[in-house]
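Following: one structure in structure tokens, then a few remarks.
The values are calculated or read from the model by the stated rules, or taken from the named source; none is laboratory data. On a predicted model such as this, the values are computed, not experimentally measured, just so you know. Cβ coordinates were reconstructed from backbone atoms using ideal geometry, including for glycine residues, and neighbour counts include every protein chain displayed.
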């Protein structure tokens, strides 16, 4: 919806003000707070009087009010349903299909959980009947185009090409991206979405989610024109190796190794922050999410190979022990936990392939260090590849390393994307914020299983926050509550345009619970704004409100709607707004994205 707002509209009630990006809250002490308090009273009167025409004659109170405290005869039990995508292969890596729920066992923190949901996909189509999805029968199993029929939203595929220019050399990057582009053209099906992101000292969105592979290919081609920051690190490493070789004592050698390690360690902090930011933004996106992470490797221990070199030259320095100070493994574990909680699977792609060791180059030919360089290089190679396996294996994917046959190995991803099982279980806890380990086993012998290793049981507020950011950045709208949005001009205040917003939700879409004299529902709203300069307001979540409908009026109310009102403040220009409304008892949330143009 594009709303062009002018001064011709009248002022409506005000219930919420969202601070815009760049606002200084110190400059406006208390004024907005008083406005919100007074407006809430106006809003309550309007709802009680049914001032919005076909709005239901309901009471709106805070959760601690009379309606919420009214003793009744029903109890609300909230349950977290955990879904896990599982990939099953034989010893040759071929997908195993035809398994049933009875072939699996799923454990949370070592405790066997009953499988409540089971969904199997074979060749891109459900292999058993689901609501709204036709089964894949044996006669039509191999019909061309059958896989193009849509999957449920929670099973649709989103592929993120993440190009880590900070850890790439231009030659290996460009060669690999051409192969990735060819792979995507053969793999992507209608309904799939692909996005291109790069990290070039900061995170850049090169191509938003699209199913148009021409746009994706263009973005990948543009990336091939950039420099690769790994070249600078290679030069830094060569300089450090020469200094270590020329050092006159062990202290100078250790100093050079330490300086190099500190530099890499600091750089990797930025790399992992950017990667974590991307993972967090994907958390609220509905569907399967696969990140193809392209790099020339990332270190497990910064500078480990140079500490080893010092140890070879000066055995009594205990340089290997010093290397442990620069261990990055804990940060990788945190990132993996975040990816598992966000439902993101990594497929790490080593763009370097079968690269030659520096020890065979002219750079080190005939030097004193040359004799030990093959061993040092082998340590470095293992050090750079270990995290690629870690972030992939622990999130349910796999790493492609040490090979120039990239395209052939990428075809393995197609098997994952088109053949998998989804298992679900009802957790015995709800929104406690803890991270839980999970394990899936197949009862049939000789089969290999891959899946994410855990998840975090996030609170409803965190899920609401994640969903709003996904809608803001990726257009991930969904509207299970059939919410309608209306906007009106609310005048100007302090140089900002006040916009009155109404969120109208059909009563029949809300989950109502019985109390003694009322049927009670719960709603929570949220807002986040992106301005035309790229500034993002803090995600604002309102306290939940209770909607109480007298029991005698419920039948009539089911044909009406409830209106949740708020006021937003905008600076001149175009802004993108995400409005969220959550059914507190039913757990469903609508995320709606609007564009507001203020003159």
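Worth a mention:
- Filtering 462, 444 for residues that are surrounded by fewer than 16 Cβ atoms within 10 Å (Cβ to Cβ) and either outside any loop (DSSP other than H, G, I, E, B) or touching a residue at least 24 places away in the same chain (Cβ under 8 Å) (or both) leaves a single hit, 444.
- Annotation note: of 417, 425, the sole residue that is closer than 30 Å to residue 82 by Cα and touching a helix residue (DSSP H, G or I) at 6+ places or on another chain (Cβ under 9 Å) is 417.
- Test result for residue 372, modelled with pLDDT under 80 and surrounded by 14 or more Cβ atoms within 10 Å (Cβ to Cβ): yes
- Matching residues in the range 98-127 - criterion: being under 28 Å from the mean Cα position of the chain (by Cα) and under 15 Å from residue 445 (Cα atoms): 104, 105
- Test result for residue 438, surrounded by 16 or more Cβ atoms within 10 Å (Cβ to Cβ), modelled with pLDDT of 95 or more and within 20 Å of the chain's Cα centre (by Cα): yes
- With respect to being assigned by TED's automatic domain parsing to the domain that holds residue 563 and either buried (at least 21 other Cβ atoms within 10 Å of the Cβ) or outside any strand (DSSP E or B) (or both), residue 487 falls outside the description.
- From 377, 408, residue being more than 28 Å from residue 442 (Cβ to Cβ), modelled with pLDDT of 80 or more and not in a loop (DSSP other than H, G, I, E, B): 377
- Near pairs, Cβ below 7 angstrom, 6+ apart or cross-chain, from the range 107-119 (free of Cβ contacts under 8 Å to residues at least 24 places away in the same chain) to any residue that is assigned to a strand (DSSP E or B): 112/105
- Residue 240 vs. criteria within 30 Å of residue 307 (Cβ to Cβ), touching a helix residue (DSSP H, G or I) at 6+ places or on another chain (Cβ under 9 Å) and surrounded by 20 or more Cβ atoms within 10 Å (Cβ to Cβ): yes
- Of the strands (runs of 3 or more DSSP E) contained entirely in the range 530-599, those carrying at least 1 residues that are more than 30 Å from residue 516 (Cβ to Cβ) fall at 561-570, 573-583, 589-598.
- Checking the stated criteria, residue 171 turns out to be modelled with pLDDT of 80 or more, more than 23 Å from the chain's Cα centre (by Cα), outside any strand (DSSP E or B) and outside the structural domain of residue 479 (by TED's automatic domain parsing).
- Within the range 574-587, being closer than 14 Å to residue 480 by Cβ and at pLDDT 95 or above holds for 580, 581, 582, 583.
- Failed criterion for residue 399 (all others in (1) touching a helix residue (DSSP H, G or I) at 6+ places or on another chain (Cβ under 9 Å); (2) crowded, with 20+ Cβ neighbours inside 10 Å; (3) in contact (Cβ under 8 Å) with a residue 60 or more places away in the chain hold): (3)
- Any hit, the range 281-292, residues being assigned by TED's automatic domain parsing to the domain that holds residue 382 and part of a helix (DSSP H, G or I): yes
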